[in-house]
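Asker: Got a structure for you, written out below as structure tokens; questions coming shortly.
The values are calculated or read from the model by the stated rules, or taken from the named source; none is laboratory data. On a predicted model such as this, the values are computed, not experimentally measured, just so you know. So basically every Cβ, Gly included, is an ideal-geometry build from the backbone, and we count neighbours across all protein chains shown.
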Amino acid sequence: MAAYERWLVPKGNVFRPSGAAVSKLVARLRGEKWIVDPAAVGPLRFEGARDQLAAATGGLAVRTVDNTFGGDRRARLLGSAEPLPAQLTSAWIDDSAREELRIVWPVDAEDTRLVHYPLSRAPSAHRRDDRVSFTLEIHLSHDYVYPARDGLEPIPTECACGDDLSFAWDEDDLVPAFPASTGIFAECEACARTFDPAKGAAKLVNPIDGSFATVRGGAAYRFALKAVADPYVHDAALAFNLELVALVEDEFGRDFYQFAALS
Ligand SMILES: [Zn+2]
């Protein structure tokens, strides 16, 4: 079965909070039990070499790095990831080495009360072999990230000067923080105009029932919350937990919108 991925991105797409604002958001998410407290990670399971980096504080961070690992998949995974510090500082987040940053909290536990479930419906936990399993992520990027998924159609990426601002992270040269995504330059190198994704629109399909909406800015973002759930509830109305959305909107004083895909 595929995993269900859902993104929560700011309306208008341009918004990217400062490191200080992100560290404040993380503290609030932790305080309101959306992410695990570093002092309480004991009951969580961290399987796989990369997820084990989260064993100390509950989180890990992935950033785009030069590919000095060739095709060695394990070395690439570990070389682009690091344990998340227990206390996030703005200096750590704003470090130029982390211009493209994905913070990941993998949750795999039998105790469903450790943290709130990020989506509107959690799979039933009544069966004996059931356990809660999801990841919550924060994505930050200088340039726009655009997930490459069936059902998330691209937006127009041509600058007014005619240059195409879309790019790919070349996986021979780089280990990208955002796998299976393309990028859109935030500024045009040729004419220095800034790119505004919301001038275009794209069809975003609900992967559960195939319904769709044409959305300004499509799936472009410089900041996102992302949840990945496997298993997940097969429901076309599946969305982010309303209280989590309210927290994020309140924290930044702006509206967000959502889209999903299966991977
Ligand atoms: Zn241009």
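Asker: Being farther than 21 Å from residue 141 by Cα and within 16 Å of the ligand (Cβ to nearest atom) is the filter here; which residues of region 191-210 pass it?
Answerer: 191
Asker: While we're looking at this one, here's another question. Within region 160-170, how many residues are closer than 15 Å to residue 100 by Cα and charged (D, E, K, R)? Working first, answer last.
Answerer: Applying the first criterion (closer than 15 Å to residue 100 by Cα) to region 160-170 yields 167-170.
From the residues that got through so far, the ones that are charged (D, E, K, R) too are 170.
Within region 160-170, residues that are closer than 15 Å to residue 100 by Cα and charged (D, E, K, R) number 1.
Asker: Taking the criterion of being surrounded by fewer than 16 Cβ atoms within 10 Å (Cβ to Cβ), closer than 30 Å to residue 112 by Cβ and in contact (Cβ under 8 Å) with a residue 24 or more places away in the chain, would at least one residue in region 167-176 satisfy it?
Answerer: No; the residues of region 167-176 include none that is surrounded by fewer than 16 Cβ atoms within 10 Å (Cβ to Cβ), closer than 30 Å to residue 112 by Cβ and in contact (Cβ under 8 Å) with a residue 24 or more places away in the chain.
Asker: Got a number for residues in region 1-55 being part of a helix (DSSP H, G or I) and among the basic types (Lys, Arg)? Can you show your working first?
Answerer: Of all residues in region 1-55, those part of a helix (DSSP H, G or I) come to 19-31, 38-40, 51-54.
Adding the requirement that they be among the basic types (Lys, Arg) leaves 24, 28, 30.
The number of residues fulfilling the criteria is 3.
Asker: Determine whether residue 184 is among the aliphatic types (A, V, I, L, M) and either more than 30 Å from residue 72 (Cα to Cα) or more than 16 Å from the ligand (Cβ to nearest atom) (or both).
Answerer: Details: among the aliphatic types (A, V, I, L, M): yes; either more than 30 Å from residue 72 (Cα to Cα) or more than 16 Å from the ligand (Cβ to nearest atom) (or both): no.
No; evaluated as a whole, the condition is false for this residue.
Asker: Can I ask one more? Just to be sure before I move on: is residue 97 outside any strand (DSSP E or B), within 16 Å of the ligand (Cβ to nearest atom), touching a residue at least 24 places away in the same chain (Cβ under 8 Å) and not β-branched (Val, Ile, Thr) in the structure I sent? Break it down stepwise before answering.
Answerer: Working: outside any strand (DSSP E or B): yes; within 16 Å of the ligand (Cβ to nearest atom): no; touching a residue at least 24 places away in the same chain (Cβ under 8 Å): yes; not β-branched (Val, Ile, Thr): yes.
No, not satisfied.
Asker: Among the residues of region 159-185, which ones are farther than 27 Å from residue 68 by Cα and in contact with a strand residue (DSSP E or B) (Cβ under 7 Å, 6 or more places away or on another chain)? Walk me through it before giving the result.
Answerer: First, the residues of region 159-185 that are farther than 27 Å from residue 68 by Cα: 159-164.
Residue satisfying the conditions is 164 alone.
Asker: With the requirement that a residue be away from the ligand (no atom under 15 Å from the Cβ) and surrounded by fewer than 17 Cβ atoms within 10 Å (Cβ to Cβ), what does region 154-166 give you? Spell out the reasoning first.
Answerer: At the first step, the residues of region 154-166 found to be away from the ligand (no atom under 15 Å from the Cβ) are 154-155.
Across region 154-166, the qualifying residue is only 154.
Asker: Mind checking which residues of region 68-84 are out of contact with any helix residue (DSSP H, G or I) (no Cβ under 9 Å at 6 or more places or on another chain), crowded, with 16+ Cβ neighbours inside 10 Å and either small (Gly, Ala, Ser) or under 23 Å from residue 38 (Cα atoms) (or both)?
Answerer: Selection gives 77, 80.
Asker: Return yes when residue 255 is more than 16 Å from the ligand (Cβ to nearest atom), within 17 Å of residue 6 (Cβ to Cβ) and of a type in the set (D, E, K, R) and no when it is not.
Answerer: Details: more than 16 Å from the ligand (Cβ to nearest atom): yes; within 17 Å of residue 6 (Cβ to Cβ): yes; of a type in the set (D, E, K, R): yes.
So residue 255 fits the description; yes.
Asker: Further question: In region 16-46, which residues are within 21 Å of residue 122 (Cα to Cα), modelled with pLDDT under 95 and out of contact with any helix residue (DSSP H, G or I) (no Cβ under 9 Å at 6 or more places or on another chain)?
Answerer: Result: 43, single match.
Asker: Let me ask something else. Does at least one position in region 232-244 carry a residue that is modelled with pLDDT under 95, touching a strand residue (DSSP E or B) at 6+ places or on another chain (Cβ under 8 Å) and not β-branched (Val, Ile, Thr)?
Answerer: The answer is yes; a qualifying residue exists.
Asker: If you don't mind, another one. Looking at 119, 114, which one is within 18 Å of residue 225 (Cβ to Cβ), touching a residue at least 60 places away in the same chain (Cβ under 8 Å) and aliphatic (A, V, I, L, M)? Spell out the reasoning first.
Answerer: On the way: 114 fails: within 18 Å of residue 225 (Cβ to Cβ).
Step by step, each of 119, 114 is checked, and only 119 is within 18 Å of residue 225 (Cβ to Cβ), touching a residue at least 60 places away in the same chain (Cβ under 8 Å) and aliphatic (A, V, I, L, M).
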